[in-house]
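Right, one structure below, let's go through it.
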Amino acid sequence: MKFKKIVLLAFALSSLISISLYADEDLPKDKPGTAVFVMSSENNSSIKVTTEFIEEETRYLNVDMKIPVMDNFNNKRFQRKLNKKIKNNQLNIKCQIEKESKKICPSYPYELLTNYNVKSNGDIFSLGISVYDYRGGAHGMTRNTYYNVDTRNSRLISLEEYISDYYGKDTEYKEIINQEINKQIKDREEEGQVFFDDDDGFTGIKEGQAFYINEDGQLVIVFGLYEIAPYAEGIIEFIIPNELLSFDYKSL
């Protein structure tokens with residue numbers, strides 16, 4: 001669709017100077033005056049989560065960041081690497097927007113808001129990181145990143161690895177998931193939800209597909225803004241029933 005292509009082109013141009021969410025470069029220390037403190041979570045599950053806050057207000061940028069800090073993994077080296085990766089990713093974004101705001105000197109301050117949500121906390125620990133930034137224009141952009149951890153073996157797992165561990169290596173999971181998502185899209189369109197058509201819409205799950213496991217142990221496939229639908233439809237999620245993947249659902 002022409003509408004999607006025009007929007008994506010505009011978004012791509014505005015993001016040329018942005019850095020990857022997965023960057024792992026050295027970062028400058030926080031500025032003096034930044035409010036940084038840790039608050040304990042009330043989560044009593046196996047993985048403990050506390051929150052580090054970074055709050056700043058300057059002439060050109062307002063920052064309100066809530067960064068998760070995990071504890072109680074069996075492998076402390078993995079725990080340190082994961083915490084560092086997540087924090088560095090967010091501080092990299094902050095650093096980049098700071099530089100851009102000083103260069104542009106916007107009439108209204110840019111905004112950077114980050115938060116997180118523990119989706120599940122058991123054999124699979126799923127953590128969603130939400131990053132919202134506003135740099136002028138009609139609206140800001142929200143980007144979600146998901147970290148799915150096999151807590152018994154202290155490792156990040158992909159969708160393919162999750163399916164293999166839970167349902168077996170021979171599971172035709174892509175075909176099953178694609179069919180279920182197409183079915184749900186059709187049902188939602190009948191209810192009035194709008195999706196892009198043809199090649200601009202859903203064409204199948206991809207390598208590195210975003211997903212998480214919810215508190216009911218169900219697989220949830222996620223698509224970001226503009227990925228398969230207009231901005232107004234928001235971030236789109238599809239719950240894939242366990243029984244579609246296997247009649248003999250087993251734990252790790």
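The values are calculated or read from the model by the stated rules, or taken from the named source; none is laboratory data. Everything numeric in this text was worked out from a predicted model, so none of it was measured. Methodologically, a virtual Cβ is constructed for each residue, glycine included, from the backbone with ideal geometry; neighbour enumeration extends over all protein chains shown.
Examine the stretch 221-243 for a residue that is of a type in the set (S, T, N, Q), outside the structural domain of residue 46 (by TED's automatic domain parsing) and touching a helix residue (DSSP H, G or I) at 6+ places or on another chain (Cβ under 7 Å), and state whether such a residue exists.
For the stretch 221-243, residues of a type in the set (S, T, N, Q), outside the structural domain of residue 46 (by TED's automatic domain parsing) and touching a helix residue (DSSP H, G or I) at 6+ places or on another chain (Cβ under 7 Å): absent.
Only residues that are outside any loop (DSSP other than H, G, I, E, B), more than 14 Å from the chain's Cα centre (by Cα) and free of Cβ contacts under 8 Å to residues at least 24 places away in the same chain: list them for the stretch 199-245, please.
199, 243, listed by residue number.
Given (1) touching a residue at least 40 places away in the same chain (Cβ under 8 Å); (2) surrounded by 15 or more Cβ atoms within 10 Å (Cβ to Cβ); (3) assigned to a helix (DSSP H, G or I); (4) touching a Phe, Trp or Tyr at 6+ places or on another chain (Cβ under 8 Å), where does residue 129 come up short, assuming only one miss?
All conditions are met except number (3).
Quick check on my filter: what residues within the stretch 146-170 are closer than 17 Å to residue 242 by Cα, in contact (Cβ under 8 Å) with a residue 60 or more places away in the chain and surrounded by fewer than 16 Cβ atoms within 10 Å (Cβ to Cβ)?
Scanning the stretch 146-170 gives a single hit, 168.
Residues of the stretch 61-78 being assigned to a helix (DSSP H, G or I) and either of a type in the set (D, E, K, R) or out of contact with any strand residue (DSSP E or B) (no Cβ under 8 Å at 6 or more places or on another chain) (or both), which ones?
Scanning the stretch 61-78 gives 76, 77.
If only one of 34, 58 is under 22 Å from residue 108 (Cα atoms), polar (S, T, N, Q), modelled with pLDDT under 95 and assigned by TED's automatic domain parsing to the domain that holds residue 96, which one is it?
Being under 22 Å from residue 108 (Cα atoms), polar (S, T, N, Q), modelled with pLDDT under 95 and assigned by TED's automatic domain parsing to the domain that holds residue 96 holds for just one of 34, 58, which is 34.
Take the residues in the stretch 137-183 that are charged (D, E, K, R), outside any helix (DSSP H, G or I) and at pLDDT below 95; name whichever of them is nearest to residue 104 (Cα to Cα).
Checked the stretch 137-183; the qualifying residue nearest to residue 104 (Cα to Cα) is 152.
Name every residue in the stretch 49-72 that is touching a Ser or Thr at 6+ places or on another chain (Cβ under 6 Å) and under 18 Å from residue 128 (Cβ atoms), in order of residue number.
Within the stretch 49-72, 49, 50, 65, 66, 69 qualify.
Quick one: residue 178 ticks every box in (1) touching a residue at least 12 places away in the same chain (Cβ under 8 Å); (2) outside the structural domain of residue 131 (by TED's automatic domain parsing); (3) closer than 30 Å to residue 93 by Cβ; (4) not acidic (Asp, Glu) bar one, so which box is it?
So residue 178 meets the others, but not (3).
Could you say whether any residue in the stretch 75-85 is in contact with a Lys or Arg (Cβ under 9 Å, 6 or more places away or on another chain) and at pLDDT 95 or above?
Scanning the stretch 75-85 turns up at least one residue that is in contact with a Lys or Arg (Cβ under 9 Å, 6 or more places away or on another chain) and at pLDDT 95 or above.
I'd like to know if the stretch 89-105 contains one or more residues that are among the polar types (S, T, N, Q), under 22 Å from the mean Cα position of the chain (by Cα), at pLDDT 95 or above and in a strand (DSSP E or B).
Within the stretch 89-105, not a single residue is among the polar types (S, T, N, Q), under 22 Å from the mean Cα position of the chain (by Cα), at pLDDT 95 or above and in a strand (DSSP E or B).
Regarding the stretch 80-103, can at least one residue be identified that is touching a helix residue (DSSP H, G or I) at 6+ places or on another chain (Cβ under 7 Å), over 21 Å from residue 68 (Cβ atoms) and of a type outside the set (Asp, Glu)?
no
Is it true that some residue in the stretch 187-197 is assigned to a helix (DSSP H, G or I) and either of a type outside the set (D, E, K, R) or surrounded by 15 or more Cβ atoms within 10 Å (Cβ to Cβ) (or both)?
Checked against the condition, which is being assigned to a helix (DSSP H, G or I) and either of a type outside the set (D, E, K, R) or surrounded by 15 or more Cβ atoms within 10 Å (Cβ to Cβ) (or both), the stretch 187-197 yields at least one hit.
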